[in-house]
Amino acid sequence: MRRPVRLHYWEADGDGETGLPVGPLLAELASLAPGLEVVREEDSPEGAGEPPPLGRPEIRLRRGAPGGGWIRFAGYPAGFVRLELVEALAALASGEEEAGPGPGEAGAESRAPAERDGPGQEVRIWVSPTCSRCARTVRLALGMVLALPGLSLAVIVATEFPEAARQEGIRTVPTLVAGGRRWLEPPPPRELWEALVRPG
């Protein structure tokens, strides 16, 4: 890793569908990635504007880019979700989040909203670990969120949080919610970029 990354997690309490602890998995990741610090949390996060955990387990990475923000994974990271967690770790450690704007946008114009408003919106994606379309949706959103300071991303395993999914009207996966819009399949890249840069 080019720079240290701190990963915070809230452990499963055994009441969820899987009840699998994430601590051993994260400890294994830390052993393979010098510079990765793993911190177990018991209480809600202290960062300004950060939401409490949706449930347990939850894994959260705080972004180091200007404007802050976070990337969090709610639910046990099985299947493709684990791969995307590793991708997020690698991107934060390598500095990819500072690489620049996304498709077809001028750098200054595309970065202005997030930098001006401070910590911005949280992009939410409801997924299932075995859903191939979910994997494409998360990969697309992760790349764009990392390119825009101030944005945050939540990847939520819908089957582990059925009540939260019901409250948000989630009926299928993937469901991506961003900029006041909702997609039930991987959105066209430019369409998602516009929703992130100019929400509402």
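Out of segment 171-182, which residues are more than 15 Å from Cys131 (Cα to Cα) and either free of Cβ contacts under 8 Å to residues at least 40 places away in the same chain or more than 16 Å from the chain's Cα centre (by Cα) (or both)?
Gly180, Arg181, Arg182
Could you grab me the full set of residues in segment 38-79 that are at pLDDT below 80, open to solvent by less than 50 Å² (accessible area, probe 1.4 Å) and acidic (Asp, Glu)?
Glu50
Scan Arg111, Arg82, Arg139, Arg124 and give me the residue that is modelled with pLDDT under 90, charged (D, E, K, R) and either open to solvent by 30 Å² or more (accessible area, probe 1.4 Å) or in a loop (DSSP other than H, G, I, E, B) (or both). Lay out the reasoning, then the answer.
On the way: Arg82 fails: modelled with pLDDT under 90; Arg139 fails: modelled with pLDDT under 90; Arg124 fails: modelled with pLDDT under 90.
It is Arg111.
Scan segment 152-200 for residues that are more than 21 Å from Arg72 (Cβ to Cβ) and either crowded, with 20+ Cβ neighbours inside 10 Å or in contact with a Lys or Arg (Cβ under 8 Å, 6 or more places away or on another chain) (or both) and jot them down. Talk me through it step by step, then tell me what you get.
Keep residues of segment 152-200 that are more than 21 Å from Arg72 (Cβ to Cβ), which gives 171-172, 184-185, 188-191, 193-194, 197-198, 200.
Matches in segment 152-200: Glu185, Trp193, Val197.
Can we say Gly100 is modelled with pLDDT under 90 and on the phi > 0 side of the Ramachandran plot?
So Gly100 fits the description; yes.
The values are calculated or read from the model by the stated rules, or taken from the named source; none is laboratory data. Only a predicted model underlies this, so the values are computations on that prediction, with no experimental measurement involved. Note that we place each Cβ from the backbone using ideal geometry, even for glycine, and neighbour counts take in every protein chain shown. Just the protein is used for accessible areas: all its heavy atoms, side chains included, with ligands, DNA and RNA removed. Shrake-Rupley method; radii C 1.70, N 1.55, O 1.52, S 1.80 Å.
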